[in-house]
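Below you'll find the structure, written out as structure tokens, and then a few comments.
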Amino acid sequence: MQGWMLSPVEIEALKLSLWVSFWAVAGSLPLGVLVAWLLARLEFPGKSLVDGLIHLPLVLPPVVIGYLLLVGFGRRGILGAWLHDLAGITLAFNWKGAAVAAAVMAFPLMVRAVRLSIESVDRGVEAAARTLGAGPGRVFFTVTLPLVTPGILTGLILAFARSLGEFGATITFVSNIKGETQTLPLALYTLTQMPGGEVGAMRLCLISVVIAMAALVASEGLARRFAAYIKG
Amino acid sequence: MLDLHLIRQQGDFRVDVAFRSPEVGVTALFGRSGAGKTSLVNMVAGLVRPDQGHIVVNGRTLFDATQGLHVPPEKRRIGYIFQDGRLFPHLSVKSNLTYGMRRTVSSEQGVSLDDVVDLLGIGHLLHRRPAKLSGGEKQRVAIGRALLTSPSLLLMDEPLASLDRSRKAEVLPFLSRLCSELSTPILYVSHSLEEVLNLADTMVLLDQGRVAAAGSLEDLMNRRDLQRLTGAADLGAVIATTVDDHLDGLTRLRFPGGGLWVPEVAAPRGSRLRVRIGARNVAIALQAPPETSIQNIFPGQVTAITEGPAKLLDVQMDIGCPLLARITPRALSTLALAPGKRVFAMVKSVAVSRGHLNVPLDMNTDSQRRTL
């Protein structure tokens, strides 16, 4: 039985992972919906460039993203120094930095899911809402947003799962500090590097599988409930 | 009153339309698909911005290119009923109905939810979601939703076009009731002659983005030069009548030329009814035939004779109102017909059509207009 119990270090890594992923997803959701809406609905110069930039984390090695974050948001990075002076926020080598790394890596997944969903909304229904006296903002919140709920849920779950699994960008940007930036994958990696760490590594591995499965099942269930709701 | 002049270039297609329509009643915007009808109503609703021109509804300017004025759709107070319903799928029927109502200033609310639910017979649907409704029910809810914003003008863009025949017959009675009971003017887009005959009073004929003709329905339908555009399968005269009497399985309709007997229609006396008499179903005699199975014989005068298709001739007569007969050249020479000649026009009762929709006729009345 002893082999099934998580060690304090592992519990800490699990808690930190959930905490970091929660903030990564919650923090990037409003921006993700906004960007998805812009890409789905507006034509503007440089749109393909914006689109490409957002998708970079999907195609670049995560270490590259981590390094760019370090250069940009590190203590001596241009944006990092500015952020520190202005708001007193430091991202380097703490959990906030880990959340930012996870958010950046998960952002394209969230934007893609929401954007697809927005593109599938019947613009005629939005036009109908306009003729019924709702301004563009009200139409967005009373018609568009409710109708893209499934897309947002999918985006949230995908982004959350991606954040939980974030490794390369995190370890490059905020390093692997126990209790501060050592998330589940980082702890797992550390255990595999330690003699006698195999049992702990297997436990974390199983936990990762369970969380990922739970997230997928939850997302499926929510999508089905929404479809049932629409069908009345 | 609606007064508009709209110009808009859309690719190769140019809409340049100007007309005025009356304060009450139904104005049909009639034309083939691609004539620019939907573009036009979208501009009136404010969903599409015209390049040039103006839109004035009941004295309120909604668009004026020279002033750079373009009132956004949500501030126009124009109800729009779309061909495809466009209900909000995530809201119940009741929430759909009240969506616009809740954004209407209460002092401007002319109708109550109960009135509209009653009028459209949708009381049993209130708690359903649109996905659970039939096509006809959806369209009734869409109509109610627009009505509840108490609009100063109602736009209907082919509200029946997406419905099959039986669904059409389900919605049409509500539409005609609405058209006759509502004081709100209605702009009704259609390419179906039957619907227009059933519902409209005034007609604007659109052809390739332009107004080909505008005027009362009877005038336009009886003009031969417009036959290509009205798309009537055969030539015929449209006559406004009033239900006068029911007798022996027949109904007598009163019109300026006398009484027209038709197979019994289930409409109360006094209801108004528009009928169409095909030119092929009208025969001409020089004397009133003493014994005949034909019930309808009207004295009149030939006003014009024009050449029809396949060497046939179209005789226009005045029997108190215009009537058309299509005859052969031999009949013309035998009877020596010429403008001014006195004749008797004979119409078989069974040949009178009142549009081809199988609607109970009591729904097809506009006996009294009243405010809801």
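The values are calculated or read from the model by the stated rules, or taken from the named source; none is laboratory data. Nothing here was measured: the structure is a model prediction, and the numbers come from that model. Glycine gets a Cβ as well: all are built from the backbone with ideal geometry, and neighbour counts include every protein chain shown.
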Given (1) assigned to a loop (DSSP other than H, G, I, E, B); (2) touching a helix residue (DSSP H, G or I) at 6+ places or on another chain (Cβ under 8 Å); (3) modelled with pLDDT of 80 or more, B:A232 misses just (3)
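If I ask for residues that are in a loop (DSSP other than H, G, I, E, B) and surrounded by 19 or more Cβ atoms within 10 Å (Cβ to Cβ), which ones from the stretch B:240-264 would you list?
B:G257, the sole residue that qualifies.
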Taking the condition at the interface with chain A (Cβ under 10 Å from one of its Cβ atoms) and either assigned to a loop (DSSP other than H, G, I, E, B) or not charged (D, E, K, R) (or both), does B:V117 pass? no
How many residues does the stretch B:77-90 hold that are more than 7 Å from every other protein chain (Cβ to nearest Cβ), touching a helix residue (DSSP H, G or I) at 6+ places or on another chain (Cβ under 6 Å) and assigned to a loop (DSSP other than H, G, I, E, B)? 2
Taking the condition surrounded by fewer than 23 Cβ atoms within 10 Å (Cβ to Cβ) and away from every other protein chain (no Cβ under 14 Å), does B:R167 pass? yes
Using the structure shown, decide if A:G124 is more than 8 Å from chain B (Cβ to nearest Cβ), farther than 15 Å from A:P57 by Cα and assigned to a helix (DSSP H, G or I). no
Checked B:L47, B:L62 against criteria (within 14 Å of another protein chain (Cβ to nearest Cβ) and either loosely packed, with under 15 Cβ neighbours inside 10 Å or assigned to a loop (DSSP other than H, G, I, E, B) (or both)); the one match is B:L47
I need the full set of residues from the stretch B:1-19 which are modelled with pLDDT under 90 and assigned to a strand (DSSP E or B), in order please. B:L2, B:Q10
Considering residues that are over 12 Å from the mean Cα position of the chain (by Cα) and among the aliphatic types (A, V, I, L, M), the number found within the stretch A:1-34 is 10
Restricting the stretch B:65-74 to residues that are more than 8 Å from every other protein chain (Cβ to nearest Cβ) and not hydrophobic (A, V, I, L, M, F, W, C), which is nearest to B:K138 (Cα to Cα)? B:H70
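Given the criterion more than 24 Å from B:L260 (Cα to Cα) and either in a loop (DSSP other than H, G, I, E, B) or in contact with a helix residue (DSSP H, G or I) (Cβ under 8 Å, 6 or more places away or on another chain) (or both), identify the matching residue among B:L220, B:L178.
B:L178
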Note: among A:G80, A:G66, just one is more than 14 Å from every other protein chain (Cβ to nearest Cβ), touching a residue at least 40 places away in the same chain (Cβ under 8 Å), out of contact with any Asp or Glu (no Cβ under 7 Å at 6 or more places or on another chain) and not in a loop (DSSP other than H, G, I, E, B), namely A:G66
Being in contact with a Lys or Arg (Cβ under 6 Å, 6 or more places away or on another chain), surrounded by 18 or more Cβ atoms within 10 Å (Cβ to Cβ) and free of Cβ contacts under 8 Å to residues at least 40 places away in the same chain is the filter here, so list the residues in the stretch B:107-134 that pass it. B:I122
Name every residue in the stretch B:20-35 that is in contact with a Leu (Cβ under 6 Å, 6 or more places away or on another chain) and in a loop (DSSP other than H, G, I, E, B), in order of residue number. B:G31, B:A35
B:T104 vs. criteria surrounded by fewer than 20 Cβ atoms within 10 Å (Cβ to Cβ), over 30 Å from A:A227 (Cβ atoms) and facing chain A (nearest Cβ under 9 Å): yes
Identify the single condition in (1) surrounded by 20 or more Cβ atoms within 10 Å (Cβ to Cβ); (2) assigned to a loop (DSSP other than H, G, I, E, B) that A:L6 does not satisfy, given that it satisfies every other one. (1)
Looking at the stretch B:127-150, which of its residues are facing chain A (nearest Cβ under 9 Å) and either assigned to a helix (DSSP H, G or I) or out of contact with any helix residue (DSSP H, G or I) (no Cβ under 8 Å at 6 or more places or on another chain) (or both)? B:P130, B:A131, B:K132, B:A142, B:R145, B:A146
Which of the residues that make up the stretch A:129-176 are over 23 Å from A:K231 (Cα atoms) and among the β-branched types (V, I, T)? A:T131, A:I157, A:T170, A:I171, A:T172, A:V174
Can you give me the number of residues within the stretch A:165-185 that are assigned to a helix (DSSP H, G or I) and surrounded by fewer than 24 Cβ atoms within 10 Å (Cβ to Cβ)? 5
Scanning the stretch B:265-307 residue by residue, those outside any strand (DSSP E or B) and in contact with a Gly (Cβ under 6 Å, 6 or more places away or on another chain) turn out to be B:A279
Given (1) of a type in the set (A, V, I, L, M); (2) under 18 Å from B:M156 (Cα atoms); (3) within 12 Å of chain A (Cβ to nearest Cβ), number of the condition B:V93 does not satisfy: (2)
May I ask you to list the residues in the stretch A:35-78 that are closer than 30 Å to A:F93 by Cα, over 19 Å from the mean Cα position of the chain (by Cα) and buried (at least 18 other Cβ atoms within 10 Å of the Cβ)? A:G74, A:G77
Considering each residue of the stretch A:127-143, count those that are under 22 Å from B:L154 (Cα atoms), of a type outside the set (K, R) and facing chain B (nearest Cβ under 8 Å), and give that number. 8
Among the listed residues B:G320, B:G249, B:G278, which satisfies the condition of being touching a Ser or Thr at 6+ places or on another chain (Cβ under 8 Å) and of a type outside the set (D, E, K, R)? B:G278
